[in-house]
Amino acid sequence: MTLLIKNGTIVTVSESFQADIAVKDGVISAIGQNLDIKADKVVDASGKLVLPGAIDAHTHLAMPFGGTQSADGYLAGTRAAACGGVTTVFDYPMQRKGKGILETIRERKAMCDPEACVDYAFHCIITDLNDNTILDEFQAAVDEGITSFKCFLVYKKEGMMVDDGTLVKILLKAKEVGALTNIHAENPDLIDMNIEKFLKEGKTSAWYHYLSRPEFVEAEADKRAVHWAKSVDAPLYIVHMADKEGLEAAAEAKRQGHKIFIETCPQYLEFTSDVYKREDGRNFVCSPPMKGEESKEALWKAIQNGDIDTVATDHCPFQSYEKDWGKDDFTKIPNGCAGVENLYPYMLSAANEGKISFNRAVELCAANPAKIFGCESKGSLAVGKDGDIVIYDPDLDFTITTEAMHSDYDHTIWEGITVHGYPVQTFVRGRLVYDQGEFVGEPGYGNFIKRIPNQV
Ligand code: URP
Ligand code: ZN
Ligand code: ZN
C-alpha cells in the first residue's frame, strides 16, 4: 500500500519546505519535489502543512484514581488522540505493592492491544519496591521496551507516593539499565498540612485545592528531585512542570550540563489559578494545579527559549458527576483533566499566532519526546521513519466543544476555546485514522512501541 501526499509544506524541526511525501507499507519511502510514484492513495495538500504525528508522552487511560477510574479507556483515549493529530500515546500503568513490573505491563498491554487506535508505549509508575525485588525487574522491563519509570512524590494517602530513599534507588537503577526516571513533584507533607487546616476552617471550595498546593509546594519537590538526580548523576524527566521557581531550578541544572528534561502541559500555558474561583472550578482540578500569571509567563518563556523539552497532556478526564463529589469538599474531587485531542491543535495554534515557530511546535510535541524516550521510528518526517503524518489547515479556525471531541467524557476544560488552524487528516503508519472531523481508524490497529534504552 502506497500513500502519496502532494504539494504540502513539510515541517521538520529545522526547516519548512514544499515537497511531496510517499509512504510505502507504513514507512516513509520518499520525500521530494514532484515525486513520480504510483500510489494507491493520493492526497493533495496544497495550502496545508504536513507535520509529523504528535506524541503525547503523558496519558492516564482507564486509570484508577479517587474511587473511580479516568473516563477515557484505551479505545476512547486513542480515538481522541487520532482526531487531535496524536499518533503515539505514552500511557502510565501503575505497579502496586506486591505486584511486579512485567505483570503490570502485560496486564495493561492485554487491555490496550485490542483497543488502541494509534500506536502506544508505556512508562511504568513504581509505587512500591516490594522489599527491593522490583529493582531486579528493571532490566527485564527495559528488554521488553519499557525504558522509563515514574515516581510520584505525592499521593501519600492513595499509597502511590515514594519517599526520597526509594526515589534515589530508582534513579540509580534506572541509570544502570539505561532508563529514564520521570517524576511528579509536589511536597506531600505541606499539602496534607494545608488540607487539614483548610478543612478545619470550613474552606472547602476548589480554590483551596490550589491554595493547599501553591507554587512553593511544587517548587520544593522540583528542586529536591533535581538535587537527587544531580547528586547521583542520573537522568531525570520532570512531568507537568507548572511553577516558575521549580522550572528555573531545573533549567539551571540543565544549563550546568545535567540530564534534566522538562515537560509542561497546555493547561498550564492557557489557564491560571483563577479558574479555581469559578463556579465550575472543580472541573479544573488536577495536580499540580494551575498556578499564577507569573508561572504561566515563565512557562511560555521556557517554551520559547528551549528550556522546556516537551509538551504533553496528562490526559486524565473524569465525568461531571465524579467531579461533583467534591462540590463541598475539594479533597473529594478526582484529580485530572482532558487534553489529548487538544495538544497539537493548541501548540500549532500558538505557532500560527506567532508565539513560537511551527518547527518548535513539532520539536516539542513530536521530535523531542521520540528522542528522549527512545522511539527511533517516530517523531519526524524523514525517509525510513513511520508514516505518522498530520495534514494541518492553518486557515481552519476551530472552537472546541465536548460534542466535537472524540472522547468518552461529558465535559472539557477546553470548552469554548478557539484555536487557529486545525488538523484535517491524521495517518498512522500510512493509514488514514482521522478525516475532516471524523474518526475513521480501527480499534486494535495501534501497535505497542518497544523503545530502545540509553537514549539520553
Ligand atoms: O491530576 C492529575 N494530574 N491526575 C493524573 C495523575 C497525575 O498526577 O499525573
Ligand atoms: Zn502527576
Ligand atoms: Zn500524570
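The values are calculated or read from the model by the stated rules, or taken from the named source; none is laboratory data. Just so it is clear, the structure is predicted and the values come from calculations on it, not from any experiment. So basically every Cβ, Gly included, is an ideal-geometry build from the backbone, and we count neighbours across all protein chains shown.
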TODO: Please find, among TYR268, TYR237, the residue that is buried (at least 19 other Cβ atoms within 10 Å of the Cβ), among the hydroxyl-bearing types (Ser, Thr, Tyr), within 16 Å of ligand 1 (Cβ to nearest atom) and part of a helix (DSSP H, G or I).
DONE: TYR268
TODO: For VAL232, indicate whether it is in contact with a Lys or Arg (Cβ under 9 Å, 6 or more places away or on another chain), of a type in the set (A, V, I, L, M) and within 16 Å of ligand 3 (Cβ to nearest atom).
DONE: no
- [ ] Sort out which residues of the stretch 303-325 are in contact (Cβ under 8 Å) with a residue 60 or more places away in the chain and farther than 26 Å from PRO93 by Cβ, and write them in order of number.
- [x] ILE303, ASP307, SER320
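So if I check each of LEU247, LEU190, LEU153, LEU199, which one is away from ligand 1 (no atom under 16 Å from the Cβ) and within 21 Å of the chain's Cα centre (by Cα)? Walk me through it before giving the result.
Values: LEU190 fails: within 21 Å of the chain's Cα centre (by Cα); LEU153 fails: away from ligand 1 (no atom under 16 Å from the Cβ); LEU199 fails: within 21 Å of the chain's Cα centre (by Cα).
The conditions single out LEU247.
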TODO: Can you run down the residue pairs with Cβ atoms below 7 Å, 6 or more apart or on separate chains, where the first is in the stretch 58-73 and under 18 Å from ILE183 (Cβ atoms) and the partner is away from ligand 2 (no atom under 16 Å from the Cβ)?
DONE: THR59/GLY77
Open item on the list: Quick check on the stretch 172-181. Is at least one of its residues touching a Phe, Trp or Tyr at 6+ places or on another chain (Cβ under 7 Å), among the polar types (S, T, N, Q) and either buried (at least 19 other Cβ atoms within 10 Å of the Cβ) or on the phi < 0 side of the Ramachandran plot (or both)?
Closed with: yes
Open item on the list: So if I check each of ASP20, ASP25, ASP36, which one is touching a Gly at 6+ places or on another chain (Cβ under 7 Å) and more than 25 Å from TYR346 (Cα to Cα)?
Closed with: ASP20
Open item on the list: Please go through (1) surrounded by fewer than 24 Cβ atoms within 10 Å (Cβ to Cβ); (2) among the basic types (Lys, Arg); (3) within 14 Å of ligand 1 (Cβ to nearest atom) for ARG255 and return the number of the only condition it doesn't satisfy.
Closed with: (3)
Open item on the list: Can you tell me which of (1) over 17 Å from ILE333 (Cα atoms); (2) in contact with a strand residue (DSSP E or B) (Cβ under 7 Å, 6 or more places away or on another chain) is the one GLU248 doesn't meet?
Closed with: (2)
TODO: Give me the pairs, please: first residue somewhere in the stretch 181-193 and more than 16 Å from ligand 3 (Cβ to nearest atom), second residue anywhere and aromatic (Phe, Trp, Tyr) and at pLDDT 95 or above, beta-carbon distance under 9 Å, and either six or more positions apart or on two chains.
DONE: ASN187/PHE216; LEU190/PHE216
Task: When residues of the stretch 300-330 are limited to those that are away from ligand 1 (no atom under 13 Å from the Cβ), out of contact with any Lys or Arg (no Cβ under 8 Å at 6 or more places or on another chain) and of a type in the set (S, T, N, Q), the one nearest to LYS203 (Cα to Cα) - done: SER320
TODO: Any residue in the stretch 148-164 that's away from ligand 3 (no atom under 12 Å from the Cβ): show its pairings with residues that are of a type in the set (Lys, Arg) at Cβ separation under 8 Å, as long as the two are six or more apart or on different chains.
DONE: SER148/ARG451; LEU153/ARG224; GLY159/ARG96; GLY159/LYS97; ASP164/ARG224
Open item on the list: Quick check on the stretch 374-397: of everything there that is surrounded by fewer than 17 Cβ atoms within 10 Å (Cβ to Cβ) and farther than 14 Å from PRO345 by Cα, which residue is nearest to the chain's Cα centre (by Cα)?
Closed with: GLU376
Task: Test set (1) of a type in the set (D, E, K, R); (2) within 21 Å of the chain's Cα centre (by Cα); (3) within 16 Å of ligand 2 (Cβ to nearest atom) - LYS259 fails condition number - done: (3)
Task: Conditions (1) in a helix (DSSP H, G or I); (2) within 16 Å of ligand 3 (Cβ to nearest atom): number failed by ALA242 - done: (1)
Open item on the list: Going residue by residue through the stretch 367-380, is there one that turns out to be closer than 17 Å to GLU263 by Cβ, more than 16 Å from ligand 1 (Cβ to nearest atom), part of a helix (DSSP H, G or I) and of a type in the set (S, T, N, Q)?
Closed with: yes
Open item on the list: If I filter the stretch 277-291 for residues that are more than 13 Å from ligand 1 (Cβ to nearest atom), in a helix (DSSP H, G or I) and either of a type in the set (Asp, Glu) or loosely packed, with under 15 Cβ neighbours inside 10 Å (or both), do I get at least one hit?
Closed with: yes
Open item on the list: Exactly one of these conditions fails for ASP314: (1) in contact with a helix residue (DSSP H, G or I) (Cβ under 6 Å, 6 or more places away or on another chain); (2) crowded, with 24+ Cβ neighbours inside 10 Å; (3) acidic (Asp, Glu). Give me its number.
Closed with: (1)
